[in-house]
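Bear in mind these aren't lab numbers, they're just calculated from the coordinates by the rules spelled out. This structure is a prediction, so every number in the text was calculated from the model and none was measured. With ideal geometry, Cβ positions are generated from the backbone for all residues, glycine too; neighbour counts draw on all protein chains shown.
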Amino acid sequence: MIESKRKRLNFITKICTLATLVSSIILPAQAFAATGARHVTVGDDVFLGGNYIEVGISKSGSFGSASPAPAGFHPTRITNLGFNVDGDGYDTGNPMNSGDYFLPGTPYEAFIVGYRDGSAAGTIKKFQNYERGGTIQIPSVTTDISSVSTLAAKTEGTTTSGKLKVEQTVSFSENDKGFKVNVILTNVSETDTLYDTRYARSVDPDVDADYHGDYDTKNSVIKNPPLDAQAVVIAKGPVTGNPFILFSADPRARASIGGADPYAASVYDTDGSKLLKAETTADSYVAMAFAFGDLTPGQSVTFEYIESLNPDLNAALDDLGNSAPPANTAPTVSNAVYSVMNTSVLTGDLIATDAESDPLTYRIISQGNKGTVTQTVAGGKAFVYTPTAGATGSDSFTFVANDGKVDSSPATVSITILPSNNADLKALEINPGSLDTAFVSSTNSYTTTVSYSTSSLSVTGTVYNENSTLKVNGVTTVSGSVYENIPLNVGPNTITVEVTAQDGTTKKAYTINANRLPSDKADLKALTLSTGNLDPAFVSSTTSYSTIVANGVNNVTVTGIVYDSTATIRVNSVVTASGAASLNIPLNVGVNTIKVEVTAQDGTTIKTYTIHANRLPSDKADLKALTLSAGNLDPAFASSTTSYNTIVANGINNVTVTGIVYDSTATIRVNGIVTASGAASLNIPLNVGMNTIKVEVTAQDGTTIKTYTINVNRFTENLTTSSGGGTVGSGGSGTVSQPNGVKIVVDGVVQEQSATAKTDKIGDQSVTIITVDNDKVIAKLEKESNKVLTIPVTGSSDVVVGELNGKLVKAMEGKDVVIEIKTDRATYTLPASQINIDSISAQLGSNIKLEDIKISIKIALSVPTTAATIQKSAADGNITIVGTPVDFEVTATLNGKTVAVNQFQSYVERQITLPADVNASQITTAVVLNADGTLTHVPTKLVTLDGKINAIINSLTNSSYSVVFSPKTFADVESHWSKQDVNDMASRLVVQGVTDQAFQPDKSITRAEFTAIMVRALGLKSGMGTEMPKDVKASDWYAGVVQTGVSYKLISGYEDGTFRPDLTITRKEAAAMVARALTLAKLNNGLTGDEVTKQLELFTDGSKIPAWAKNDLAAAVKNSIMQGDNGKISPDDNVTRAQTAAMLRRLLQQANLINK
C-alpha cells in the first residue's frame, strides 16, 4: 500500500500548478488524557495541542512530526504525531469514537513553490519540501512562536536557487478544531524578477484509516462555496463520512483533486471565481494552489488557507466562513509629475494608500522609453529614475501597489527631461607636453611651455555631457578625439576650448596659453664663397676656415645657409639673408678676416664662423691707359705695346704723362719718379728734337716690372696765331691752316672780328682752335650786362677748342656770364664762375697776371684708345654705346704748366647731338668715363632739336661722355607700385637688383646703401674730398661714396662723429639727405616757418616729427619728392629699396636733370 502511494506521488509532482502531494498514514492512536493549550519543541519539531486538536510540525514545514510525540500528546501506532482531533475533547470522552479524526504521524503531506526564470515564457523552476520522500529543496527551520492566547509555529526557508523566501505560520486557539496557515513569499533576488510565481499545499487525509484501516476517501471540490469562501476541497472517510476540509478565502486560491489542473481554461467560470469540476471518489490527494504573477526584487505576497477535521461539515464550513477575512479593497495609487535634468537622477516616492491600512509593496510594471526606474529597496516606494544619456522631452513609467492580496490599478509617473546645462570638461590633455597644473573642471586657464622644435600641438577635450558641443579654436570637434596640428608661433599662443551645453545657451571656455620657446640653434648648414674654396671643407661644427684667392679677386661675397630659418646671419656685421649672397666684401692683398656671425632666434645664442681670405699680391704690371698733356701717341695706345712716338709743337716745352694701371696696386714711375695712377706726372721738360720718357710699372708683387717708352719729338719751328694766344706745331705731323677771323655771339648778338679760328691736323684728328679777342669782349662786358658768350663752330673737326685768358674769365665771373662752346656734335655750357680762376691762378704760381693764363675749353671726339676703353667697359656691363663718345675738357696753362679743371661746385651742362637715325627709345642715359676705366651714370635728359635727339648731360666733372642703352627690368616689381621708378633707375645704372631678376622692393635699406645710390643718382664721382666719419674705414666698400657725400655736404653723420653706415635709414633721415641734395640740384629747400607748418599739417602724424627734421621733410614734400601714405608721413619708418628709387628719381625730375 505504501509503495502504491509512492508511485502516485511521483505522478503528482508533475502537475503544472506546482502542486505537490504529501500523504499521511493513519495508525491506531494511544489513549492518553491531556487537556489545555500546550506547545513543545522536540529536536527540530514543534508540537502544538489544544482541547480538541494536536499537530506536529517538522523542520521542513510538513504537518507531521519526524520526532515521536512527546508527553501530553497522543501518538498514533507509528508513534509520530500528525494531526489529531478529539471530537468531544481529550480526557472527557472516548478518545477513539466516531467523532475523532486523525491524520497519521508519518506524513505524505508536502508543499511546493515555483516560478518562471528570466521571462514570462522562461523555464519553470520548482522547489518542493516532501519530507517522507526525502526531497528538501527549500531548506527550512521551524520555530515555536506561541503566545498566551495563540498556539503557533513558524517555518522559514529559502529555495536552493536563493531567490524565493518562504515563511509559513501555523496558528490556532485552544478550542479550535482546525488551524490556519499564513504564507509570505518574498523575492530575495537583488536583480531578477520571478515570473508567474506559484504555491501549492497537498494532503492525502485518509481520515478513517486509524479506525477501520481503509485508506479510500471520497474527495470533492465545492462547486459553490458558502459564504466568503473562494476555494474548498473536502475529503470524506469511507466509513464514517467524516470530512477533512482544505479551505481558503483568498481570491487567488484554486482547489483541485488528484492532480487536476486548477488553472485549465475549463475548470473555472470565465470570471475565475467558481470551480466547475464535480465530486470524485478515489484514494487520492487534495490540494490548494495559489498564483501571484510576477514578483520583482524585494516584492512580497501574503496569503492564507485553513485545514480542518470538524466532523460536522456544515458547522465547519459555517465556522470557517464566519472567520474568513472581511472583503479586501485594492490599494489606491496616484499619478505623479516630475522634471529632471538629463545629467541628473530623479528620486521620489511612489504614491499609494490602502483602505485596510495593510502594508503595501510596490512594483514597476512598465519602464519609460527615455530612462530607467529602479526601486531603492525591493518592493519599496522610494524610486530612482535615471534618464538615458542625452535624452530630452517627455517620458513616463507605470507602477502598481499590492496590499498582500491584490494589485492596484496602474498609475503613471510622468517625467519631463530637461536638456543639460552642463558645459564642463571632465578631461583636457595636450600632446606633446602637459598642462602646468592637473586639469580640474572648475579651472578655466592653463599654461604650458614647449620647446622651439614643437611647432604644433594636439588637444583632446572630453566633455561631461556627451550632448555638449566642443570647439577648439572655433572648430567643432568630437569629445574625446584628438584635435591635431594647432600651429604654434614662437612666443605666446592662445588655444581656446569652448564647450556649449546641450541647452544651447550655457557656455564655458577653457584657455591654454602655450608658450613656444625661441630657437637656440645658431648653426650653419652651408657656407660658401663666390670665389675660392674653404679649407677645411665646411662642416657645421668647424668655425675657422681659410682660403686663397688670386690677386684679380678684389672682393668676394659670402653665402651662409642656416639650419633654422629664424636665425640671423651677419657677415662682417651686415645682416644677410640665409641663402643669399652678402654684400661685396673688398679684399686687400694679404689675409682678410671675414666674420660670419649667426644669432639664434633667442637673441642670446651666437656662433661665429671665421674665414681668413688670403688675396695674393698682383703680378699685373700693365697700363690700361697712357696719355700726354700734349700730343697723341703713335701707335694708339694698347696695353701690350710698350714703345710710342709723338710730335708736339715747338711751343710745348714740357709735358705731363698720365698712366692708368689695370691693377691699382701697381706703382707707376715716370722717369724714375713715382706717379699716382690716373694722375699727371710732374712736368717733364722737352728739348727741341727727340726726348725719351720712360714709364715704368711695378706690379704689387714687387718683382714684375713693365716699361713703356715714349719718344717725344718737339718741333723746331713755331706758327703763331694772330692774337698770340697759342701755337700749333707744324713739323711733319700734319697740315696747318692760317688763322681766320670768326664770329662769336654775346647774348644772341653776333660780334664781328672778336675771335680767330685755325684748323690743324694733329695725328689722325682735325683740330679747330677758336681764340677769343679777350680785350674786345672785356670792353663789351664793361659796357653791358651780358650773360652768355657763345662760340659757335661749324664743320667736321674732331676737336674744337675755345681759348680765352684768365682776365676775361674773371670779368665774366663777376657778371655771371655763361660760356657756351657750340659745335655740330656737342655743346658745352660752362658758367665762368665754375672755372674758379682764383683757385687756378693759385695753383699756377704767385704774382701771376690773369691775362697770362690761357683757358682752353675743349669738345672732342674721344681718341680711339679712349673710345676702346669705353666700349670694353660697356660690353662688360651689358651696355650698348649709342653714337660716339665725346670728351669735354677745361685746362689752364701758364709758362708750359697745365692745370686741369675737373671738378665743379654745381652742375655743368653739356649736350651731345645724336645721329639722325637714333630715336629716344634707344637711349636710357649717359655715362662718364672714370680714371679707373669704369663707367658711371650722369643725369641725362633727352630733347629733340631740329629733328635730332640731343642728350643734355649735367655733371660736376669733366671727362669722356657717352650716350648708352642699358634697359633693365625686375620680375618682382612687375605688379609693384614702384615698377616704373625701379626699372627706370636701374636702366640708368643707379640702382641694382639683389639678383638679375629680383629687386626686393620692400626690403629696408641701410644708410650706406642709401648714400651710394644717391651719389650714383647725382652723377657724383666716388672718393671726392678728404674727410671721413670716424666709423668708416678706407677699406669699407662704401668708403668712397661716404667720402663724396661728406665732400658735397649731403651727409653730416651723428653728433659723436659717426655715420653708422649699417643702420637702416628712416624716412626723416632720408629727407635730410634729400634736402641737402636740393641745393646741389638748384631746387628750393629754404622754407619759412609758415611754409613748413603748411606742408606738414597735411599729415596726421606731422606733429610727431622732431624739430631737426621738420624743415627737411617739408622741403621734400613741397618738391614732390616724398608723398606720405594714407595721410601719414611716417617719419620713423624705415625706407625701402623701392622708396629709395622713387625718391631719387623724383629729385632728378624736379631738378629737370632727367625726363619726367
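At a glance:
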item	result
Stretch gain in nm, segment Thr604-Lys1030, where the contour uses 0.36 nm per residue and the Cα spacing is subtracted	150.5 nm
Theoretical FRET efficiency, 1/(1+(r/R0)^6), r = Cβ-Cβ of Ser453 and Glu1097, R0 56 Å, to 0.05	0.60
Too-long pairs where the Cα-Cα distance tops 23 Å, listed order kept, from Lys620/Lys897; Lys624/Lys1021; Lys1104/Lys1156; Lys1049/Lys1118; Lys807/Lys897; Lys783/Lys1082	Lys620/Lys897; Lys1104/Lys1156; Lys783/Lys1082
Taking the C-alpha atoms of the stretch 425-516, convex hull volume expressed per residue in Å³	79
Environment charge at Leu524 (Cβ cut-off 11 Å; Lys +1, Arg +1, Asp -1, Glu -1)	0
R0 of 41 Å, Cβ-Cβ distance Ser541-Ser639: FRET efficiency to nearest 0.05	0.30
Computed label-point distance, nm, for sites Lys595 and Ser409 using a 7 Å Cα→Cβ extension	10.3
Unit charges on C-beta of K, R, D, E only; dipole of the stretch 978-1116, Debye	260
Ellipticity estimate at 222 nm from DSSP helix runs (n ≥ 4, -39,500 (n - 2.57)) divided over the chain, nearest 500	-3500 deg cm²/dmol
Selected from Gly43, Ser334, Val657, residue furthest toward positive end of dipole (the chain; charges at beta carbon)	Val657
Cleavage-rule hits (GluC sites (Glu not before Pro)) in the stretch 766-860: DSSP loop, at most 15 neighbouring Cβ within 10 angstrom	Glu784
Size of the stretch 332-418 as Cα extents on the principal axes (Å, biggest first)	43, 20, 16
The chain: antiparallel DSSP beta bridges as a percent of all, rounded to 5	90
Rough spin-label spacing in nm, given labels placed 7 Å along Cα→Cβ, for Thr41 and Ala509	7.7
Label point distance in nm, Glu782-Ala916, each placed 7 Å from Cα along Cα→Cβ	4.7
Values of log10 I(q)/I(0), in the order q = 0.05 Å⁻¹, for the chain under a Debye, Cα-only, solvent-free model	-0.58
Residues with amide H under 5 Å from that of Tyr708, placed H, sequence gap 5 or more	Val695, Glu696, Val697
Net lengthening on full extension, Tyr263/Ser434 (0.36 nm per residue, minus Cα-Cα)	54.4 nm
Reachable aspartates and glutamates from Lys706, criterion Cα separation under 12 angstrom, eight or more residues apart if same chain	Asp619, Asp622, Glu696
Highest-first arrangement of 1121-1131, 481-491, 285-295, where packing means the average Cβ count within 10 Å	285-295, 1121-1131, 481-491
Relative intensity, log₁₀ I(q)/I(0), of the stretch 740-965 from a Debye sum that treats every alpha carbon as a point, q = 0.09, 0.12, 0.14 Å⁻¹	-0.37, -0.66, -0.89
Label zone at Thr123, where the point sits 7 Å out along the Cα-to-Cβ direction: the stretch 146-178 residues whose backbone N lies under 16 Å	160-163
FRET efficiency estimate (nearest 0.05) - Cβ-Cβ, Asn182 to Ser146, R0 22 angstrom	0.95
